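Data block below; observations after.
The values are calculated or read from the model by the stated rules, or taken from the named source; none is laboratory data. Fair warning: this is a prediction, and the values are worked out from it, not measured in the lab. Every residue, glycine as well, gets a Cβ built from its backbone with ideal geometry; the counts of neighbours run over all protein chains shown. Side chains are part of the model used for accessible areas, which takes the heavy atoms of the whole protein and leaves out ligands, DNA and RNA. Shrake-Rupley method; radii C 1.70, N 1.55, O 1.52, S 1.80 Å.
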Amino acid sequence: MSGQTKFLLQESQMPKAWYNLQADLPKPLPAVLHPGTHQPVGPDDLAPLFPMELILQEVSTEREIEIPEPVREIYQLWRPAPLFRAHRLEKALGTPAKILYKYEGVSPAGSHKPNTAIPQAFYNKQAGVKRLTTETGAGQWGTSLSFAGSLFDLEVLVFQVRVSYDQKPYRRAVMETYGARCLPSPSTETQYGRSVLAQRPDHPGSLGIAISEAVELAVQRDDTKYALGSVLNHVLLHQTVIGLEAMEQMQMADAWPDVVVGCTGGGSNFAGIAFPFIGHGLRGGPKPRIVAVEPAACPSLTRGKYAYDYGDTGHMTPLTKMHTLGSTFTPPGFHAGGLRYHGMAPMVSHAKELGLMEAVAYTQNQCFEAGVLFARSEGIVPAPEANHAVKGAIEEALRCKREGKSETILFGLCGHGHFDMAAYQKYFAGELKEESYDEKELAMALSGLPSVAEPA
Ligand SMILES: Cc1ncc(COP(=O)(O)O)c(C=O)c1O
């Protein structure tokens, strides 16, 4: 492998199509079920929420789906994104492993989320939609959809999980700069939000609640649709530009990963970097180990049940089979707000069940420690979510050191942490609590999973 540090592609080398893992899966995904009838949903059932182009992508089994030219043009504001070799981190760890990372913090919003916000806004605009509603945890997704809305002249209404809304006031300011409206969730603007507040006025919120609020408003008006920043197949699909570019860049680096690492909240940046490599392996190419890293305080992949569950707390979304902690579970208010989701993308969950990937969980102090070491060696301050991937990559590099192996580790650095400095300050002050979930609440949430007769 070359001693080079940075691997850059030309604009002309940016992927022209997204990669759809559904085409290569050895077993198809379980059906998506209607929340009322528990029968498989068809495209028309999803039409109140999403434009038809996105619904068709959701169910497509085509391997390649063309990226529309107007989307490619906007992607060029920051894509192709750089791939770096972390020479200084390798040295700091004293590892024989080679560590490379794909950096998505170069986007205008500071994370991977615009990779799907732009096409979602594009297809909605094309379908004549005027307004989008959405949820956001860390604020990265809300920022990205607000940015996309401003480019396509769409009104955007963001429900931000209350604890993140309070932790990160500047995220809201960015959303408003792009022209969006941002409300803390649970809010008084929806029936569901009011019902949650009636039971617990100081509720910290959760992504599941914010999704219910955004969905409730979307179905009330014909000119409004809902946009989701993770979990769904079409969202994961759009993120595959990350892995497709990384494959080209690994070739430039004259290397191929033995391990691919990504953090998982709903699973989209992880799928973005990992799915193209999984698919390549399924089609006869080399099969790197694929490692998802999640927070120990919200461990859907490592501690959740693989079962049919709702995507939201108010039970308005369809039922999907996924690793879940139960839709009523409220994760504790730790600082990786984007990873506080009760479920995992059905396609990531399915890949885990098929043995195509592994998952590990770390606590927030472990992840911040890794992020600080990364910042001091590589210069980039990672988002708290991305710190989970950094921690996962460091653990792999230390394993290589113990085993005397010079493996190649690729990880996704999905965003920068410039709006998360209050969390870093708390970490330095020793005030970052090791949040552990409430076992009783988790057991209750899991016992409340819907009983569903699985379609044959
Ligand atoms: C920087 C960052 N990384 C990761 C995530 C988690 O989402 P996903 O698992 O869909 O990538 C978020 C979500 O908000 C995020 O902001």
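Values for this structure:
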| quantity | calculated |
| --- | --- |
| Region 257-270 residues that are touching a residue at least 12 places away in the same chain (Cβ under 8 Å) and more than 21 Å from HIS416 (Cβ to Cβ), paired with ones that are open to solvent by 10 Å² or more (accessible area, probe 1.4 Å) and within 8 Å of the ligand (Cβ to nearest atom) (beta carbon under 9 Å, 6 or more apart) | none |
| Residue in region 276-298 that is within 11 Å of the ligand (Cβ to nearest atom) and either part of a helix (DSSP H, G or I) or open to solvent by 10 Å² or more (accessible area, probe 1.4 Å) (or both) present | no |
| Residues of region 47-98 classified as touching a strand residue (DSSP E or B) at 6+ places or on another chain (Cβ under 6 Å) and among the charged types (D, E, K, R), total | 5 |
| Meets criteria (farther than 19 Å from PRO450 by Cβ and either open to solvent by less than 60 Å² (accessible area, probe 1.4 Å) or β-branched (Val, Ile, Thr) (or both)) for PRO26 | no |
| Scope region 38-56; condition in a helix (DSSP H, G or I) and either hydrophobic (A, V, I, L, M, F, W, C) or open to solvent by less than 30 Å² (accessible area, probe 1.4 Å) (or both); matching residues | LEU46, MET52, LEU54, ILE55, LEU56 |
| Test: residue in region 324-336 that is within 11 Å of the ligand (Cβ to nearest atom) and more than 17 Å from TYR362 (Cβ to Cβ) | no |
| Some residue of region 306-327 being part of a loop (DSSP other than H, G, I, E, B), among the aromatic types (Phe, Trp, Tyr) and open to solvent by less than 20 Å² (accessible area, probe 1.4 Å) | no |
| Residues (without any contact (Cβ under 8 Å) to a residue 24 or more places away in the chain and either buried (at least 24 other Cβ atoms within 10 Å of the Cβ) or under 22 Å from CYS414 (Cα atoms) (or both)) located in region 124-169 | PRO169 |
| Only listed residue being within 28 Å of GLY142 (Cβ to Cβ), touching a residue at least 12 places away in the same chain (Cβ under 8 Å) and touching a Pro at 6+ places or on another chain (Cβ under 7 Å), chosen from SER60, SER107, SER111 | SER107 |
| Residue count for region 69-79, restricted to those that are in contact (Cβ under 8 Å) with a residue 40 or more places away in the chain, open to solvent by 20 Å² or more (accessible area, probe 1.4 Å) and in a loop (DSSP other than H, G, I, E, B) | 1 |
| Wholly within region 81-166, helices (runs of 4 or more DSSP H) carrying at least 2 residues that are within 16 Å of the ligand (Cβ to nearest atom) | 114-126, 140-152 |
| Selection from region 220-232 of residues that are within 24 Å of SER60 (Cβ to Cβ), open to solvent by 20 Å² or more (accessible area, probe 1.4 Å) and not in a loop (DSSP other than H, G, I, E, B) | LYS225 |
| Residue in region 245-257 that is within 13 Å of the ligand (Cβ to nearest atom) and either open to solvent by 10 Å² or more (accessible area, probe 1.4 Å) or assigned to a helix (DSSP H, G or I) (or both) present | no |
| Unique residue being within 15 Å of the ligand (Cβ to nearest atom), in contact (Cβ under 8 Å) with a residue 60 or more places away in the chain and of a type outside the set (Phe, Trp, Tyr) when the list is ALA445, ALA397, ALA386, ALA370 | ALA386 |
| Pick from region 195-205, criterion touching a Pro at 6+ places or on another chain (Cβ under 8 Å) and in a helix (DSSP H, G or I), ranking: least open to solvent (accessible area, probe 1.4 Å) | VAL196 |
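Here is a yes/no grid of residues against (1) of a type in the set (Gly, Ala, Ser); (2) at pLDDT below 95; (3) within 21 Å of the chain's Cα centre (by Cα):
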| residue | (1), (2), (3) |
| --- | --- |
| VAL158 | no, no, yes |
| THR177 | no, no, no |
| ARG181 | no, no, no |
| VAL196 | no, no, no |
| GLN199 | no, no, no |
| GLY205 | yes, yes, yes |
